[in-house]
1. Show me 80-89, 12-21, 37-46 ranked by packing, highest mean number of other Cβ atoms within 10 Å first.
2. Could I have the simple spin-label model distance between Ser15 and Trp101, label points 7 Å from Cα toward Cβ, reported in nm to one decimal?
3. Among rounded, prolate and oblate, which fits region 5-48 when a ≥ b ≥ c are the square roots of the eigenvalues of its C-alpha gyration tensor, a/c under 1.5 means rounded, and a/b larger than b/c means prolate?
4. Once you charge only the Cβ atoms, +1 for Lys and Arg and -1 for Asp and Glu, what is the size of the charge dipole of region 5-48 about its Cα centre, to the nearest 20 debye?
5. Want the number for Arg121 to Val39: 0.36 nm per residue separation, take away the alpha-carbon distance, what's left?
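What follows draws every value from the coordinates through simple rules; no lab data is involved. Nothing here was measured: the structure is a model prediction, and the numbers come from that model. Using ideal geometry, Cβ is built from the backbone for each residue, glycine included, and neighbour counts are taken over all protein chains shown.
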Amino acid sequence: MALTLNQAAKICSRSKSTLLDAIRSGRMSAPKDDRGRYVIDPAELHRAFPFQSQNRSPDQSTEPQPTKFENQSEPAELALKREIELLREMLGKAETNADHWRALAERQQALLENKRSREPRSFIQRILGR
């Protein structure tokens, strides 16, 4: 369900101009519909401006509570190692690709260079092909 600018401003307790500034600066994405009005996705609105609950008691913390990571560090560590391997592989391919294009450019440059002798040839030499 898409929201209009007015609806989004009411939901996140912000002014419409604040939302427009966020859209124009790129902090929040919102395409326009065929009438030229912004269509705001609720998930995008929540990402840019987290919703404030109306019935918050004073003893509740506004910071997120940490979750327990029992035996979760090992899978995370394995995932990071795998990502490092993939990044190194991508870097190797990029270097190989760069070397290929560099060699190709050098060959093209060599073809463009004038390798003929610089001394002027006479008319007779040009006719005889010397």
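1. On the way: 80-89: 10.0, 12-21: 14.8, 37-46: 16.4.
Result, highest mean Cβ count within 10 Å first: 37-46, 12-21, 80-89.
2. In this crude spin-label approximation the distance works out to 4.7 nm.
3. Working: a/c = 1.40, a/b = 1.26, b/c = 1.11.
Because its axes are fairly even, with a/c under 1.5, region 5-48 counts as rounded.
4. Numbers: 9 positive and 5 negative charges, 32 e Å.
That gives region 5-48 a dipole magnitude of about 160 debye.
5. Numbers: separation 82, 0.36 × 82 = 29.52 nm, distance 7.44 nm.
Gain on stretching Arg121 to Val39: 22.1 nm.
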